[in-house]
Amino acid sequence: MNSSSASTEEKAVKYLEEKYDTEFEVMHVEEGSKLFEDLYGGDVVTVHPKGEPDVIFTIKGSEEPYTETYLQAKWSQELQEKLKADIEKELPTDTPYKVIISNSRMSDSTNKNKTVDEVLNESNTVVVSIMTAIQTDGEPEVSQYSQGIYNLYNMLKNLGVNKYVVSVGFVDQSEDVSDFIRTSYVNNITWENLKANVYGVIAIDDRKNPDNPSDLVNPNLIIRDVNSVVENYTPIEE
């Protein structure tokens, strides 16, 4: 790591620790453009609170004002813990998954003591996602998993938020994608670009809610029942 990155890292961590009165640990630093930071972005530091390796987020920029997403990552983990038992009963044993809260306009320090329930109730800008990788021995028989996925969709629908997404990748059982799922809030990697044998994807969101479907969605893909989930499976061509 060069001195520039080290300087950025030190300043970013100091900023976070003073803002939230919490210790943070750096995972890695990605250098941005020094000459054209406004156009192309500055340095990106990926961090997590000390002792909480699953609360992963980024702080962007070379100096204040920084852009950071600590509270969103914190609330995401709180919601995951709250929904843990209900999610895991819908998925095969040991299936990796991640709950993600994004696009909240409440990510400043004045909201740092809010619970995730308060956030879900107060903000109309919240998007809640569940991202999970189901491992299969060869091409999946999607109908074997459709009931669980349907139940996950309705779980998010019943949270009362306006926007929600269930994203399921079907991955060969020989692949270990647990770290990809764990870091999915910050890694910006799509299923199609994942360096693993991914057979296909199911992506279902609020636009496919049968109570208020989007006019832009194929009517055959509206989530009316378990069979609708199967219709939403898209294979990934090698």
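The values are calculated or read from the model by the stated rules, or taken from the named source; none is laboratory data. Bear in mind the structure is a predicted one, so any value in this text is a computation, not a measurement. For neighbour counting, all protein chains shown are included, and Cβ atoms are generated from backbone atoms with ideal geometry for every residue, glycine included. These accessible areas exclude ligands, DNA and RNA; they are computed on the full protein's heavy atoms, side chains included. Shrake-Rupley method; radii C 1.70, N 1.55, O 1.52, S 1.80 Å.
With respect to Thr234, determine if the residue is closer than 30 Å to Val45 by Cβ, surrounded by fewer than 14 Cβ atoms within 10 Å (Cβ to Cβ) and polar (S, T, N, Q). No, not satisfied.
I need the full set of residues from the range 101-152 which are aliphatic (A, V, I, L, M) and assigned to a loop (DSSP other than H, G, I, E, B), in order please. Correct list: Met106, Val126. Listed conditions (1) modelled with pLDDT of 90 or more; (2) in contact with a strand residue (DSSP E or B) (Cβ under 7 Å, 6 or more places away or on another chain) are all met by Gly32, apart from (1). If you go through the range 159-178 and keep only what is surrounded by fewer than 18 Cβ atoms within 10 Å (Cβ to Cβ), free of Cβ contacts under 8 Å to residues at least 40 places away in the same chain and of a type outside the set (Ser, Thr, Tyr), you end up with Leu159, Asp172, Gln173, Asp176. Among the residues of the range 204-231, just one is crowded, with 17+ Cβ neighbours inside 10 Å and among the small types (Gly, Ala, Ser), namely Ser228. Pairs linking a residue in the range 88-100 that is assigned to a loop (DSSP other than H, G, I, E, B) to a residue that is surrounded by fewer than 21 Cβ atoms within 10 Å (Cβ to Cβ) and among the hydroxyl-bearing types (Ser, Thr, Tyr), with Cβ atoms under 6 Å and 6 or more positions apart or on different chains, are Pro96/Ser178.
In summary, Asn103 fulfils each of the numbered conditions (1) in contact with a strand residue (DSSP E or B) (Cβ under 6 Å, 6 or more places away or on another chain); (2) open to solvent by less than 20 Å² (accessible area, probe 1.4 Å) with the single exception of condition (2).
Residues in the range 177-192 that are part of a loop (DSSP other than H, G, I, E, B) and of a type in the set (D, E, K, R): Glu192 alone. Just one of the numbered conditions (1) surrounded by fewer than 21 Cβ atoms within 10 Å (Cβ to Cβ); (2) free of Cβ contacts under 8 Å to residues at least 40 places away in the same chain; (3) under 23 Å from Glu81 (Cβ atoms) is not true of Thr183: (2). For the residues Asn162, Asn187, Asn193, the requirement of being modelled with pLDDT under 95 and either farther than 24 Å from Met106 by Cβ or touching a Pro at 6+ places or on another chain (Cβ under 9 Å) (or both) singles out Asn193. Return yes or no: is Leu156 of a type in the set (A, V, I, L, M), buried (at least 20 other Cβ atoms within 10 Å of the Cβ) and within 16 Å of the chain's Cα centre (by Cα)? So Leu156 passes the test. For the range 63-84, filtering for residues that are open to solvent by less than 80 Å² (accessible area, probe 1.4 Å) and not in a helix (DSSP H, G or I) leaves 3.
The rows are residues; the columns are (1) more than 19 Å from the chain's Cα centre (by Cα); (2) not in a loop (DSSP other than H, G, I, E, B).
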position: Val165; (1), (2): no, yes
position: Glu175; (1), (2): yes, no
position: Leu194; (1), (2): no, no
position: Ile202; (1), (2): no, yes
position: Asp215; (1), (2): yes, no
